[in-house]
Structures are given as C-alpha cells and as structure tokens.
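Visitor: Provided herewith is a single structure, encoded as structure tokens, for subsequent inquiry.
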Amino acid sequence: MIEIANILEETIAESNDLSPSWGEIKEYNEHMRYRYRLTLDDITSVGKQLRVLEIGAFTGVVSVSLKKMGYSVTAHDIPFIVEDKSMKHFLVNNNVECVGLDLQDTVFPIQDEKFDLIVFNEVLEHLCFNAIPLLREFNRLLDNGGRVYCATPNLACLRNRVYLSRGKGFLSPISSLLLQLQPGMATSVGLHWREWTKDELVELFNASGFHVDRHWYRQHIRGIKIRNRIVNALYTVFPALQPGQVGVFKKD
C-alpha cells in the first residue's frame with residue numbers, strides 16, 4: 001500500500017507540471033486525489049499485471065500510475081484531450097498507449113479481446129447518448145472473463161433525496177444546457193446527463209453482455225467535520241445512501 005501511495009504522489013506531481021492547451025489540471029488532480037487512490041486500490045483487488053484500457057483518462061494519473069504498478073495500459077479520451085502535445089508526451093513517455101475517440105462514435109480501432117480490464121471511472125454519467133452500444137463494444141474488446149470496473153454517482157444517494165424533497169434538481173443546471181448551444185461548446189465533458197441506481201446499473205450491463213461480479217457504495221471524499229461524521233454514521237447503517245457506487249462487471 002505504501003508503494004501505491006508513493007507511485008500516486010509521484011504521478012500527480014508529474015501530471016501537475018503539464019501545461020495542456022485545454023487548461024490547468026492541478027486543481028482537478030487535487031480534487032480527485034482521494035478518488036484516485038480508491039481506484040488504484042480497487043483495481044489491485046481485481047487483479048495484477050492485467051491488460052488495461054482506461055476510458056476517459058483525462059489528466060493521465062490513473063493510467064500512468066497503473067503502468068508504474070506493472071499493468072499494461074492503454075489510455076483513452078476524446079481527441080482534443082489525449083492528443084494534446086503535452087498530455088500525449090506524458091503518456092507515451094511512460095509507455096502508455098493512447099487512443100483518441102469520441103465515445104459516441106462507439107467503435108474503437110482496436111482488435112477483439114485485447115484487454116483483461118476496462119476502467120470506466122466516472123464517465124458513464126457524462127454520456128449524452130444511449131450507453132448500451134458502447135458497453136457492447138467493451139464486451140468485444142475484453143478477453144474471455146474480462147471485467148469492467150465502473151465507478152459512477154449513486155442516483156438514490158442522500159443528497160439527491162434531500163434535493164428532491166425540496167423540489168429541487170440535482171443534475172446539471174439549465175444554464176449549463178444553454179452553454180452547450182454555443183459554437184464549439186457542444187461536449188458532454190463536465191455535465192452529468194444521467195445518473196443511475198444500483199438496479200439500473202446492473203440491468204444496463206446485463207443488457208450489454210455482462211453480469212455483476214461485485215458492487216458496493218462509496219464516498220468521494222473523507223469526512224472530517226462533525227456534520228460529516230454524523231452523515232458517515234448514517235452511511236454505515238444505510239450504505240445505499242452514499243454518493244458513489246462501484247460495480248465490477250464480468251463478461252458473460
């Protein structure tokens with residue numbers, strides 16, 4: 001575990017030093033630090049030295065960390081992110097293969113059954129199209145017995161229930177939808193178009209040729225304030241109220 005922590009800190013520092021054309025990434029990496037560690041720990045529990053495809057690699061921290069941990073890694077993102085000169089150099093310099101593709105195009109220029117694990121971490125909620133064809137493409141890319149590690153928000157979490165009880169929405173505001181109409185801004189990045197309950201998530205993967213291997217709920221950040229401690233105690237009794245969920249889905 002100490003080795004993972006050291007690898008993660010080293011990789012975050014390397015990523016923070018990048019200057020991609022699409023903006024500053026240090027603040028995002030700091031925001032995601034806790035979740036990065038959760039992801040790396042979870043993946044080691046799935047298996048070691050696997051052939052991994054990370055969907056939506058973004059700042060490259062998870063992909064590069066996994067490569068340093070002994071995995072064979074291919075990093076995917078939309079072209080203007082993963083093909084940025086600074087980002088691509090970071091990935092390639094760490095022996096991580098790259099593939100740039102808009103997920104709505106669905107078909108990856110990759111051979112059948114190339115991977116043992118697909119990391120689909122906090123991407124599903126950003127898709128503004130039917131996810132089933134994409135998940136079926138994942139099925140094609142995975143070897144027999146391959147898995148998808150999917151982390152995504154929990155639609156039925158406590159926060160969302162409270163918002164609904166007050167007659168308020170909890171997904172992207174209308175102002176964000178208006179922004180999408182501006183030239184050059186039509187992208188799913190940054191918006192939550194759809195969130196899922198556990199049962200819906202399982203049904204979605206079942207329809208795409210997978211069965212659930214494991215599923216659990218989780219928090220995104222560590223709670224340290226008194227109010228957070230009270231909420232944490234509630235989560236202990238009712239884990240399904242936590243804001244995040246993770247499913248490991250195995251290819252049928």
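The values are calculated or read from the model by the stated rules, or taken from the named source; none is laboratory data. No experiment lies behind these values; they were computed from the predicted model shown. We place every Cβ from the backbone using ideal geometry, glycine too, and count neighbours over all the protein chains shown. Ligands, DNA and RNA are stripped out before the accessible areas are found, and what is left, the full protein with its side chains, is counted by its heavy atoms. Shrake-Rupley method; radii C 1.70, N 1.55, O 1.52, S 1.80 Å.
Visitor: Which numbered condition trips up I132, out of (1) touching a helix residue (DSSP H, G or I) at 6+ places or on another chain (Cβ under 6 Å); (2) hydrophobic (A, V, I, L, M, F, W, C); (3) open to solvent by 10 Å² or more (accessible area, probe 1.4 Å); (4) at pLDDT 85 or above?
Guide: Just one mismatch for I132, condition (1).
Visitor: Has segment 89-104 got any residue that is modelled with pLDDT under 95, open to solvent by 50 Å² or more (accessible area, probe 1.4 Å) and either assigned to a helix (DSSP H, G or I) or among the small types (G, A, S) (or both)?
Guide: yes
Visitor: Next question, about the same structure. Being in a loop (DSSP other than H, G, I, E, B) and closer than 19 Å to H220 by Cβ is the filter; apply it to segment 1-56 and report the residue that is most open to solvent (accessible area, probe 1.4 Å). If you could, list the steps in order and put the result at the bottom.
Guide: If we filter segment 1-56 for residues that are in a loop (DSSP other than H, G, I, E, B), which is where we start, we get 1, 17-25, 47-50, 56.
Going one step further and asking which of them are closer than 19 Å to H220 by Cβ, we end up with 25, 56.
Details: I25: 1, G56: 24 Å².
Ranking the candidates gives G56 first.
Visitor: Hey, another quick one. Assigned to a strand (DSSP E or B) and more than 15 Å from the chain's Cα centre (by Cα), is that true of D116?
Guide: yes
Visitor: On to the next question. Run down N121, N154, N144 and say which single residue is touching a Ser or Thr at 6+ places or on another chain (Cβ under 6 Å) and closer than 30 Å to D252 by Cα. Steps first, please.
Guide: Working: N154 fails: touching a Ser or Thr at 6+ places or on another chain (Cβ under 6 Å); N144 fails: touching a Ser or Thr at 6+ places or on another chain (Cβ under 6 Å).
On inspection, the qualifying residue turns out to be N121.
Visitor: Using beta carbons and a limit of 8 Å, which pairs, at least six apart or on different chains, have the first residue in segment 21-35 and within 19 Å of D84 (Cα to Cα) and the second one outside any helix (DSSP H, G or I) and β-branched (V, I, T)?
Guide: I25/T59; Y28/T59; N29/T59
Visitor: Would you say N154 is within 18 Å of G247 (Cβ to Cβ) and either open to solvent by less than 30 Å² (accessible area, probe 1.4 Å) or touching a helix residue (DSSP H, G or I) at 6+ places or on another chain (Cβ under 9 Å) (or both)? Steps first, answer last, please.
Guide: On the way: within 18 Å of G247 (Cβ to Cβ): yes; either open to solvent by less than 30 Å² (accessible area, probe 1.4 Å) or touching a helix residue (DSSP H, G or I) at 6+ places or on another chain (Cβ under 9 Å) (or both): yes.
Criteria met by N154.
Visitor: Mind listing whichever residues of segment 61-88 are assigned to a loop (DSSP other than H, G, I, E, B) and under 17 Å from L117 (Cα atoms)?
Guide: Start the filter on segment 61-88 by keeping residues that are assigned to a loop (DSSP other than H, G, I, E, B), which leaves 69-71, 78, 83-84.
If the condition is that a residue be assigned to a loop (DSSP other than H, G, I, E, B) and under 17 Å from L117 (Cα atoms), then M69, G70, Y71 are the ones that fit.
Visitor: Of all the helices (runs of 4 or more DSSP H) wholly in segment 150-252, which have at least 2 residues that are at pLDDT 95 or above and within 21 Å of the chain's Cα centre (by Cα)?
Guide: Numbers: elements: 158-165, 174-180, 198-206, 226-237.
It comes to 198-206.
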